[in-house]
Structures are given as structure tokens and as C-alpha cells.
1. Looking only at the stretch 211-247, count every residue that is surrounded by fewer than 17 Cβ atoms within 10 Å (Cβ to Cβ) and among the basic types (Lys, Arg) and tell me the total.
2. What are the residues in the stretch 304-349 that are hydroxyl-bearing (Ser, Thr, Tyr) and under 15 Å from the mean Cα position of the chain (by Cα), if any?
3. Do we have Leu119 as modelled with pLDDT under 75, closer than 30 Å to Gln230 by Cβ and touching a helix residue (DSSP H, G or I) at 6+ places or on another chain (Cβ under 9 Å) here?
4. Quick one: count up the residues across the stretch 286-344 that are of a type in the set (Lys, Arg) and crowded, with 23+ Cβ neighbours inside 10 Å.
5. Condition (residue is touching a helix residue (DSSP H, G or I) at 6+ places or on another chain (Cβ under 6 Å), over 25 Å from Lys164 (Cα atoms) and not in a helix (DSSP H, G or I)) applied to the stretch 80-95: is it met by at least one residue?
6. So which residues in the stretch 454-477 are more than 16 Å from Lys392 (Cβ to Cβ) and either modelled with pLDDT under 90 or within 34 Å of the chain's Cα centre (by Cα) (or both)?
7. Just to check your reading of the model, which residue among Tyr52, Tyr28 is farther than 25 Å from Pro11 by Cα, in the same structural domain as Asn159 (by TED's automatic domain parsing), within 28 Å of the chain's Cα centre (by Cα) and assigned to a strand (DSSP E or B)?
8. Which residue out of Gly71, Gly37 is closer than 17 Å to Arg161 by Cα and crowded, with 19+ Cβ neighbours inside 10 Å?
Amino acid sequence: MPLKKIKDFAPSYLESFNGKDIIGFNVYTDKTREKVGYIKDILVDETGYFRYLVVDFGLWIFNKQVMLPVGYLRIDYDAERVYVLELERKQVESLPAYNDQVAVDREYEENLRAAYAQLAINIESVQLEEVPQITPTEPEEANYNYAQAADLYELNDRNHRVIKEYQDRLIAKNQTRQEAIPKQRITENQISEQVIVSSASSNQVISTQRQTRSACLIFNPVAGQSDSEQDLATIRSMLEPEFELDIRMTTPEKDADEIAKEAVEQGAQIIIASGGDGTLSAAAEAVVGTGIPLGVISRGTANAFATALGIPATIPAACQTILDGKTRVVDAAYCNGRPMVLLAGVGFEAETVERADREAKNRFGMLAYVLAGIQELRNLESFETRIETEDKVITLNAAAVTVANAAPPTSVLAQGPAELLIDDGLLDVTIVAPTNTMSAIAAAYNLLQSAYSGEVANRPDTGFLRARSIKISTNPPQKVVVDGELVGNTPIDVECVPGGLTIIVPTVPEEGATEKLAGLPNLRVESKEPPATS
């Protein structure tokens with residue numbers, strides 16, 4: 001009987017594992033402690049015994065997955081590591097490659113065991129007792145007896161104590177489940193639906209397994225401060241059972257927007273972006289107006305993108321959001337012809353982002369923005385500002401102007417309206433016009449309170465409005481940041497794209513106040529005549 005993936009054998013298998021999965025554990029060599037890959041899956045027999053761990057050796061050999069018998073592995077459950085016993089790279093290269101379409105039946109296993117026998121790997125030093133070396137035999141019996149090769153398949157207390165306990169629980173649960181199922185007559189047609197046909201001449205397999213969805217995963221390996229290899233392993237372990245992932249890494253020469261555009265042109269069903277705000281926004285830019293759903297897995301410093309859209313901050317929770325597949329159509333925008341998902345900041349915010357460089361973010365994390373903001377307060381200056389919407393022109397002196405489509409509470413300078421709506425077809429403009437450093441600090445604090453209390457900003461030096469299109473010019477020209485990336489100087493022209501982005505997101509914000517301008521210094525508001533209709 002062909003082996004099964006553990007999730008197919010027992011969908012609730014994590015209950016037997018106390019909720020802690022070994023799928024996703026990093027794999028190391030036992031001698032040199034070199035990281036070589038990660039555990040992608042577990043294959044069990046019809047009773048629930050662990051027979052193989054599927055290891056992705058991508059750090060050794062690109063896109064090479066191999067079935068390793070459990071006897072060749074030592075599992076350190078506390079450290080979340082798996083060690084390969086006495087296996088070298090050249091030996092892995094000689095082993096048959098595994099993929100999700102392979103049916104691990106009797107014939108396939110015989111060929112695999114023959115390959116391991118030819119390796120002549122000596123693992124006696126790490127076993128509790130000596131076992132005879134396996135020699136390949138012709139497949140004569142319908143059901144292979146794994147006890148014939150205890151060195152390959154037997155779990156022992158030294159190398160597998162915890163996982164052996166979990167295996168025993170899984171077997172016991174399976175026995176209980178089988179005893180509770182009434183015996184049924186299986187028809188020939190039912191058997192044929194389950195049969196996986198294998199070609200003896202080429203070992204190619206045709207399967208009736210259910211089809212998975214295809215998705216392009218855009219992964220920034222230098223984002224954030226965590227272990228990117230472990231992050232990718234976690235993502236793959238959660239998503240690959242449901243998605244056929246096309247994994248593409250960003251590089252200095254090829255950013256997320258270029259990769260996403262290629263994926264869109266090649267017919268990707270879903271785009272999944274994993275990285276910091278710059279990576280996520282760049283990927284989003286490519287799918288604006290396409291209707292292709294965007295999944296988000298944040299691994300950056302600020303993670304404003306995910307927070308603004310209500311997407312969970314942890315990798316497992318973000319992956320689960322994608323697996324749940326709930327899509328929502330939200331607004332996007334264009335700033336000077338460049339797609340924008342979050343916000344455009346003029347003046348103080350752009351200066352702060354520029355000061356918080358990559359080195360500072362790697363060293364201090366989110367605190368880098370706070371420190372940069374404190375430093376910028378010393379240089380705070382107001383500038384002449386002209387804001388034009390579809391129905392009015394506003395001129396005033398300001399130190400910061402932010403045009404937001406969506407923004408988390410931590411984007412303080414965008415919090416004038418308190419609750420930013422991402423599907424109202426409008427942009428939110430927050431204007432901060434402090435007269436000195438102390439009033440700037442007070443205004444920032446008031447905006448932060450506004451974000452968390454749900455009440456509009458209520459200071460004379462802070463204002464906000466909503467409009468579909470915004471034009472901003474300043475004297476002198478000011479730096480501009482769009483979705484965390486510096487893009488040049490004013491003037492800017494921002495246009496909302498209602499329903500321009502389809503995103504996998506679980507939260508729905510509520511509507512709040514739409515405008516408050518009274519009290520801003522040197523304020524003048526001029527009404528505009530509505531455009532003539534033909």
C-alpha cells in the first residue's frame with residue numbers, strides 16, 4: 001500500500017504532537033553542524049508508523065527533495081533541529097529526487113532502498129545496537145516488512161525519543177478510529193479511484209491526488225532581523241500542502257515589482273509577498289487593477305503594510321490567513337503615476353524615513369524610526385503648502401502633510417481622521433502645522449491618541465480632510481516618501497483607484513469623521529466650481 005503524507009493520513013495529527021510540528025524544522029549534518037535544508041513532510045505507512053522524513057536539501061542542492069528513512073535522522077525536539085547521520089552532499093546528489101506527485105508504493109521503495117544500500121553509510125556508531133546492513137532484494141511480497149531493515153526504519157530512544165512517543169499516540173488514535181468505522185464492501189470502481197499508476201520503465205507517476213492552487217511567492221531574503229532560511233521553511237511547510245509555490249527571491253538587481261509583473265504576465269493565480277513594507281508595496285503595485293489576489297507575510301522592521309490592512313504579524317498566522325483564502329477588494333492609489341497602497345508623506349515623515357537607514361533598522365528595529373524622528377525635531381521647519389482637491393484649494397504653512405490610503409496607528413502623521421477607510425474611494429490627508437518643537441511633540445502625541453482611541457485629532461495645529469484626488473505643491477520643494485521609499489520631491493499628484501487591489505485580509509474598518517480644518521494657522525479655503533457635465 002502506498003505511503004501517505006501525515007496530513008493526509010491524519011488531518012488532526014498535531015493533536016498527537018502536542019501542537020508542535022516537526023515539519024519546518026531545520027536540518028543539519030551531524031558531524032559539521034552545517035545547515036543543509038528543512039523538513040518538508042512526514043510519510044507514514046497504513047498503520048501510522050513513521051517511515052520517511054521528506055527533506056528539502058535546498059541549501060545544498062537547489063530544488064532537491066529526498067526521502068530519508070527515519071533511522072538516518074536524529075531529532076533534537078527542544079532545539080527544533082534534525083540531524084542527518086553520516087550523510088554527505090555527494091551522496092544526497094545520488095539519491096532519487098522526491099516530489100509531491102510521487103506515489104511511494106512498494107516498487108518505488110525497493111528502488112529507494114537499493115540506492116541507500118549502495119551508499120554504504122555507516123551509522124552504527126549512533127544507533128543503540130548493531131543491526132545488519134540491508135541488501136537490495138527483488139520485490140516478491142505484496143507487503144514489505146520494515147523490520148527487515150531496522151537500521152532504516154526503527155525509532156530508538158537515543159535519537160527519536162519524543163517523536164517516538166508521538167508516533168505511538170498517532171498509531172493508537174488510528175486504531176481507535178478504524179475500530180469505530182463499520183466494515184464496508186469496497187467496489188472495484190472505488191479501488192480504481194484511489195489507484196496511483198506508476199510507469200515501471202521511467203518511474204514517472206500519474207496520480208489522482210487533488211489539484212493544488214498555483215501561487216508565486218516573492219521572498220526578500222534580507223528583510224527584517226530574523227533567520228530568513230527558517231522563515232522560508234515555515235512558510236513552505238504551511239503553504240505547500242495547499243499551493244504549488246513558484247518561489248522567487250528578490251535581489252538588488254531584481255525587485256519585487258519586477259518579479260510580480262513577470263508572474264502576472266505568466267498567469268499566476270495568486271501573488272504572495274514576504275518581506276518588509278518596501279517589498280510588499282512593490283509587489284502590490286504590480287497587481288493593482290488586475291484582480292489577482294495578494295497575500296501578505298510581513299517580515300520587515302515597521303510592518304506598516306500588514307498592520308494597516310489588519311493582517312496578522314506572525315508568519316504562521318499570516319500563512320493561515322492566506323490558506324483561509326478570504327479576499328477583499330480595497331482601494332489603491334497612484335502618486336505621480338506610481339502605484340501607492342499605503343501613504344505618501346511630505347516633509348517631516350520623508351526626512352525621518354531617510355534618516356532611518358538600513359544599518360539603523362538592522363541595529364535598532366522599529367526604534368530606529370523613533371530615534372530618527374527625535375533627531376529630525378531639531379531641524380523642524382514649516383513650509384508654504386498648497387493643497388488642491390476636486391472641490392477646494394487650501395494654502396497654509398505646514399511641517400508635514402500625509403496623504404493616506406491606509407496606515408497603521410504607528411504612522412502617526414496620517415492619523416488625523418482617526419479611522420482610515422481603505423474601501424471608501426477616498427484619500428485621507430493629515431496636515432500638521434506646529435509652531436515649535438514642543439507643539440510638534442504634543443501634536444504627534446495627540447495623533448497617536450487619535451489612532452488608538454478612534455477619535456479625530458483635536459488640536460488647532462492639526463487638520464485633516466478627505467478627497468478622491470490630491471495635488472500638493474510646496475515652497476521650498478520638500479522630500480516625498482511613498483510606501484516607505486523615498487521617491488523625490490514635491491509637487492505630487494495623488495489619485496485614488498477605488499477597488500484597485502484584491503487582497504487576502506481579515507478585518508473590515510468602520511467609517512469615521514471626514515474633515516476638520518478649523519484652527520490651522522494662516523488657513524485659507526477657496527471653494528471650486530464643480531466641473532461642467534456634458
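1. Counting residues in the stretch 211-247 that are surrounded by fewer than 17 Cβ atoms within 10 Å (Cβ to Cβ) and among the basic types (Lys, Arg) gives 1.
2. Thr307, Thr314, Thr321
3. Criteria met by Leu119.
4. 1
5. yes
6. If the condition is that a residue be more than 16 Å from Lys392 (Cβ to Cβ) and either modelled with pLDDT under 90 or within 34 Å of the chain's Cα centre (by Cα) (or both), then Gly454, Glu455, Val456, Ala457, Asn458, Arg459, Pro460, Asp461, Thr462 are the ones that fit.
7. Tyr28
8. So the residue among Gly71, Gly37 that is closer than 17 Å to Arg161 by Cα and crowded, with 19+ Cβ neighbours inside 10 Å is Gly71.
The values are calculated or read from the model by the stated rules, or taken from the named source; none is laboratory data. Predicted model, so just to flag it, every value in this text is computed and none were measured. Glycine gets a Cβ as well: all are built from the backbone with ideal geometry, and neighbour counts include every protein chain shown.
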